[in-house]
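Undergrad: Take a look at the following structure, please.
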Amino acid sequence: MTFESAVFYFFSVVLLGSAAMVVTIRNPVKSALFLVLAFVSAACIWMLLKAEFLAIVLVLVYVGAVMVLFLFVVMMIDVNLAVLRQGFGEYLPIGGLVAVLMVMEIALAVGPRQLAPTRIAAAAVHAPAAHVSNTRALGLLLYTTYVYPFEIAAAILLVAIIAAIALTMRRRPDTKYQDPARQVEVQARDRMRLVKMPAEPKT
Amino acid sequence: MMHIRPVLPEIVVFSMACVILLADLFWKRRFKGLMYGLTQATLIAAAIIAYSLRNEAPRVVLHGMVIGDRLSIVLQIAIFMLTAIVLAYSRTYIAERGVFRSEYFVLALTGVVGMCVMVSAAHFLSLYLGLELLSLSLYALIALQRDSIAATEAAMKYFVLGALSSGLLLYGLSMLYGATGSLSISRVATALAALPRHDMVATLGLVFVLSGLAFKLGAVPFHMWVPDVYEGAPTAVTLYVGAAPKVAAFALFLRLLVEGLHGLSGAWQEMLVLLAFLSMAIGNVVAIAQTNLKRMLAYSAIAHMGFLLLGLLSARTSGYADALFYALVYAFMTLGAFGVIILLSRKGFEAERLEDLRGLYQRSPWYAWVMLLIMFSMAGVPPTIGFYAKFAVIQAAVSAGFYGLAVAAVLFSVIGAFYYLRIVKLMFFDAPVDSSPLRQGRDLRWILSANGIAMVLAAPWAGTLIAICRAAVRGLP
């Protein structure tokens, strides 16, 4: 076994183990932290494939931004674990049986004999072009060959923004909010009224 | 400019969606119906553009991502027409329920873009992204009526199960990539031809791809979401979900299974036989037990998807044409059926139980006849176009040698006739429970009437329509 494959197997085991923990562990905060571990080990596997840019982006975007946000949300809302876990044991036997069957079938179909490096179609494995940095190569591909899927992905993000705003933004008539423009425009006479009153005689 | 001509309809629709989004900012107060008018104009313009491309030679553009052929043009025009009718039906409905907002129209348009991308995909990547664009728009549309708990629940269920099925589809596509070394549909087809007959990796990929596709179509055993989503979503959105996306999902079958995986046709034929049989059986039998009209139509949709697969599993070009014809006819039938539900509904009242149809003949004879035509067409009673569609797909199954399945299809359509005729009985022979007059817009009344009459009047032209479908699928292997 070469050093490279040893590293690969190490990170694969960590990835699979932490992914399993994400699903099975009781505490949602710990589960989110295991998801972080899964992302980091996936990034390491990408490193092995010489996809440095993707690996860094995975860590920066998912671990750095998405998961931190996710952790905040998990910590802020009160997740009722008892309700969430209700019925979990009920479906465990049948679900577990189906899962075991599927894993066995997949293992049979995509075992080492089927997916040996010699069996994989040669076209799938391009030799990386020399003297072109990872980022540059990705950028070139994204804006030439894959420009159409890239644009559709942008459209999907736009739809996500529209949907998020349409589903959450509401203007309630009873909320009291400040309007700074009107606060600045206000004049003394709008707020203050001088009332002339006759002096009262001393009694 | 020449090489983006096949994607012109998509570009127009998406640009107009952005324009509507911006116009809403400035002119919402001043012009009330502006967004609706702009949306309809966009759909009509896009249909005209797609029609003007009909005589161009089929070609693959944008680095092998998009194919512009007769099939994509026919399907795109159908999607534009279906969506335009859906929006015309739902205009009053959504206005009465407070979702007559520009977001509704923008999401409807982006869903249309997603469907157009799906039907003209020549690459796994564009196909998947189109599917996601459609699904995301659908989830948001269903949940748009925020105060309705049922709608939120339906959207949540659809979202979770939809994500799962997308995962299945992606896993299958990755297996196919491993086996063939390409994501381009035409290159996958050539690489598969060179592989041994029962290549394990490719077959595993096929299983997952087919599960994902069957989910999107709503075929048994991947149908669990259909009744809940149909029932929970506002009727206007159910109409949208039930019509054009079914046509687009059917197009995915043609693009992936027929164009890409034709080398594995022996394997997918067997799987489709199972899906078709189960869909027809469970759809038709469970629909009998429903008391909710929308739920009943959902099970009827599942059964119809089974019939649709009959044409596909023949694995012949004529069968694909019959299945395409069935998909289009079904989409227009389902529009009519949900159109009647919208017609009977009013502010604060949803006509979604079977009892609400009771005595419709006494309240409005004309719409009782319209509904009768639509129900006859769905059941496949001879003078209607639904009969020709059913006949064509059953004939396709017979000519491919699936005699047992064809007999089963006839039996199940007889069982299915029961619940369609029960509606006719309720409308004509029972006394009305609710006798308030029907108050809906004139556009809904006219289009719904045309929709119902078309079920009979289009029948003499069934041959022409099938010929159009034949021409559309001619390029398929």
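The values are calculated or read from the model by the stated rules, or taken from the named source; none is laboratory data. Just so it is clear, the structure is predicted and the values come from calculations on it, not from any experiment. All Cβ positions, glycine included, derive from the backbone under ideal geometry; neighbour counts span all protein chains shown. These accessible areas exclude ligands, DNA and RNA; they are computed on the full protein's heavy atoms, side chains included. Shrake-Rupley method; radii C 1.70, N 1.55, O 1.52, S 1.80 Å.
Undergrad: Going residue by residue through segment B:115-127, is there one that turns out to be over 27 Å from B:Arg295 (Cβ atoms) and away from chain A (no Cβ under 11 Å)?
TA: Yes, segment B:115-127 contains a residue that is over 27 Å from B:Arg295 (Cβ atoms) and away from chain A (no Cβ under 11 Å).
Undergrad: Every residue in segment B:156-177 that is open to solvent by less than 10 Å² (accessible area, probe 1.4 Å) and within 21 Å of B:Ala298 (Cα to Cα), please.
TA: B:Gly162, B:Ser165, listed by residue number.
Undergrad: Also, I was wondering about something else. Being at pLDDT below 80 and either within 22 Å of A:Ile25 (Cβ to Cβ) or of a type in the set (Asp, Glu) (or both) narrows it down to one residue among A:Ala82, A:Ala127, A:Ala123, A:Ala99; which is it?
TA: Just one listed residue meets the conditions, A:Ala82.
Undergrad: Does segment B:273-282 contain any residue that is of a type in the set (Ser, Thr, Tyr), open to solvent by 10 Å² or more (accessible area, probe 1.4 Å) and more than 14 Å from chain A (Cβ to nearest Cβ)? Lay out the reasoning, then the answer.
TA: Here is the first cut: in segment B:273-282, the residues of a type in the set (Ser, Thr, Tyr) are B:279.
Checking which are open to solvent by 10 Å² or more (accessible area, probe 1.4 Å) leaves us with none.
There is no residue in segment B:273-282 that is of a type in the set (Ser, Thr, Tyr), open to solvent by 10 Å² or more (accessible area, probe 1.4 Å) and more than 14 Å from chain A (Cβ to nearest Cβ).
Undergrad: Also, I was wondering about something else. Just the residues that are within 7 Å of chain B (Cβ to nearest Cβ) and at pLDDT 60 or above, please, taken from segment A:107-120.
TA: Answer for segment A:107-120, where residues must be within 7 Å of chain B (Cβ to nearest Cβ) and at pLDDT 60 or above: A:Ala109, A:Val110, A:Gln114, A:Leu115.
Undergrad: Next question. For segment A:165-195, give me each residue that is open to solvent by 100 Å² or more (accessible area, probe 1.4 Å) and part of a loop (DSSP other than H, G, I, E, B).
TA: A:Met169, A:Arg170, A:Arg171, A:Arg172, A:Pro173, A:Asp174, A:Lys176, A:Tyr177, A:Gln178, A:Met192, A:Arg193, A:Leu194
Undergrad: Restricting to segment B:79-104, what's the tally of residues that are within 11 Å of chain A (Cβ to nearest Cβ) and either within 15 Å of B:Ser15 (Cα to Cα) or in contact with a strand residue (DSSP E or B) (Cβ under 9 Å, 6 or more places away or on another chain) (or both)?
TA: Within segment B:79-104, residues that are within 11 Å of chain A (Cβ to nearest Cβ) and either within 15 Å of B:Ser15 (Cα to Cα) or in contact with a strand residue (DSSP E or B) (Cβ under 9 Å, 6 or more places away or on another chain) (or both) number 2.
Undergrad: Are any residues in segment B:338-384 hydroxyl-bearing (Ser, Thr, Tyr) and either outside any helix (DSSP H, G or I) or within 15 Å of B:Arg445 (Cα to Cα) (or both), and if so, which ones? So that I can check it myself, show each step before the final result.
TA: So in segment B:338-384, the residues hydroxyl-bearing (Ser, Thr, Tyr) come out as B:345, B:361, B:364, B:367, B:377, B:384.
Those that are hydroxyl-bearing (Ser, Thr, Tyr) and either outside any helix (DSSP H, G or I) or within 15 Å of B:Arg445 (Cα to Cα) (or both): B:Ser345, B:Ser364, B:Tyr367, B:Thr384.
Undergrad: So which of B:Ala236, B:Ala202, B:Ala244, B:Ala191 ends up being farther than 27 Å from B:Tyr330 by Cα, of a type in the set (A, V, I, L, M, F, W, C) and touching a Ser or Thr at 6+ places or on another chain (Cβ under 6 Å)?
TA: On the way: B:Ala236 fails: farther than 27 Å from B:Tyr330 by Cα; B:Ala202 fails: touching a Ser or Thr at 6+ places or on another chain (Cβ under 6 Å); B:Ala244 fails: farther than 27 Å from B:Tyr330 by Cα.
After applying the criteria, what remains is B:Ala191.
Undergrad: Separate question: I need the full set of residues from segment A:1-24 which are among the β-branched types (Val, Ile, Thr) and surrounded by 15 or more Cβ atoms within 10 Å (Cβ to Cβ), in order please.
TA: Pass one, segment A:1-24, residues among the β-branched types (Val, Ile, Thr): A:2, A:7, A:13-14, A:22-24.
Hits for segment A:1-24 are A:Val14, A:Val22.
Undergrad: Also, I was wondering about something else. Does B:Ile94 fit the bill of being open to solvent by less than 70 Å² (accessible area, probe 1.4 Å) and under 20 Å from B:Ala121 (Cα atoms)?
TA: Details: open to solvent by less than 70 Å² (accessible area, probe 1.4 Å): yes; under 20 Å from B:Ala121 (Cα atoms): no.
In short, no.
Undergrad: Related question: Within segment B:451-477, take every residue that is hydrophobic (A, V, I, L, M, F, W, C) and outside any helix (DSSP H, G or I) and give me the one that is farthest from B:Leu324 (Cα to Cα). Reasoning before the result, please.
TA: To start, the set of residues in segment B:451-477 that are hydrophobic (A, V, I, L, M, F, W, C) comprises B:453-459, B:461-462, B:465-469, B:471-473, B:476.
Going one step further and asking which of them are outside any helix (DSSP H, G or I), we end up with B:458, B:476.
Values: B:Ala458: 16, B:Leu476: 13 Å.
Selected residue: B:Ala458.
Undergrad: Give the residue that is nearest to B:His304 (Cα to Cα), with candidates limited to residues of segment B:183-207 that are crowded, with 18+ Cβ neighbours inside 10 Å and in contact with a strand residue (DSSP E or B) (Cβ under 9 Å, 6 or more places away or on another chain).
TA: Checked segment B:183-207; the qualifying residue nearest to B:His304 (Cα to Cα) is B:Ile185.
Undergrad: When the residues of segment B:289-322 are narrowed to those that are β-branched (Val, Ile, Thr) and in contact with a Lys or Arg (Cβ under 8 Å, 6 or more places away or on another chain), which ends up nearest to B:Gly260 (Cα to Cα)? Can you show your working first?
TA: Just the residues of segment B:289-322 that are β-branched (Val, Ile, Thr), to begin with: B:291, B:302, B:317.
Remaining after also requiring in contact with a Lys or Arg (Cβ under 8 Å, 6 or more places away or on another chain): B:291, B:317.
Working: B:Thr291: 42, B:Thr317: 15 Å.
For segment B:289-322, the residue satisfying everything is B:Thr317.
Undergrad: Answer yes if at least one residue in segment B:208-227 is surrounded by fewer than 19 Cβ atoms within 10 Å (Cβ to Cβ) and part of a helix (DSSP H, G or I), and no otherwise.
TA: Initial filter on segment B:208-227 (surrounded by fewer than 19 Cβ atoms within 10 Å (Cβ to Cβ)): B:221, B:224.
Filter again for part of a helix (DSSP H, G or I), leaving none.
Taking every residue of segment B:208-227 in turn, none turns out to be surrounded by fewer than 19 Cβ atoms within 10 Å (Cβ to Cβ) and part of a helix (DSSP H, G or I).
Undergrad: Identify the residue in segment B:131-151 that is open to solvent by 60 Å² or more (accessible area, probe 1.4 Å) and more than 9 Å from chain A (Cβ to nearest Cβ) and, among all such residues, is modelled with the lowest pLDDT. Steps first, please.
TA: Just the residues of segment B:131-151 that are open to solvent by 60 Å² or more (accessible area, probe 1.4 Å), to begin with: B:146-147, B:149.
So of that shortlist, the ones also more than 9 Å from chain A (Cβ to nearest Cβ) come out as B:147, B:149.
Details: B:Asp147: 83, B:Ile149: 91.
Among those that are open to solvent by 60 Å² or more (accessible area, probe 1.4 Å) and more than 9 Å from chain A (Cβ to nearest Cβ), it is B:Asp147.
Undergrad: Now for a different question. Which one of B:Leu438, B:Leu411, B:Leu421, B:Leu448 is in a helix (DSSP H, G or I), in contact with a Leu (Cβ under 9 Å, 6 or more places away or on another chain) and either of a type outside the set (Phe, Trp, Tyr) or closer than 30 Å to B:Leu313 by Cβ (or both)? Break it down stepwise before answering.
TA: Numbers: B:Leu438 fails: in a helix (DSSP H, G or I); B:Leu411 fails: in contact with a Leu (Cβ under 9 Å, 6 or more places away or on another chain); B:Leu421 fails: in contact with a Leu (Cβ under 9 Å, 6 or more places away or on another chain).
Residue meeting the stated conditions: B:Leu448.
Undergrad: Please tell me if A:Val147 is under 30 Å from B:Ile4 (Cα atoms), at pLDDT 90 or above and more than 23 Å from the chain's Cα centre (by Cα).
TA: When the stated conditions are applied, A:Val147 passes them.
Undergrad: Also: Restricting to segment B:428-451, and then to whatever is touching a Ser or Thr at 6+ places or on another chain (Cβ under 9 Å) and modelled with pLDDT of 80 or more, can you tell me which residue is farthest from B:Ala236 (Cα to Cα)?
TA: Within segment B:428-451, the match that is farthest from B:Ala236 (Cα to Cα) is B:Asp443.
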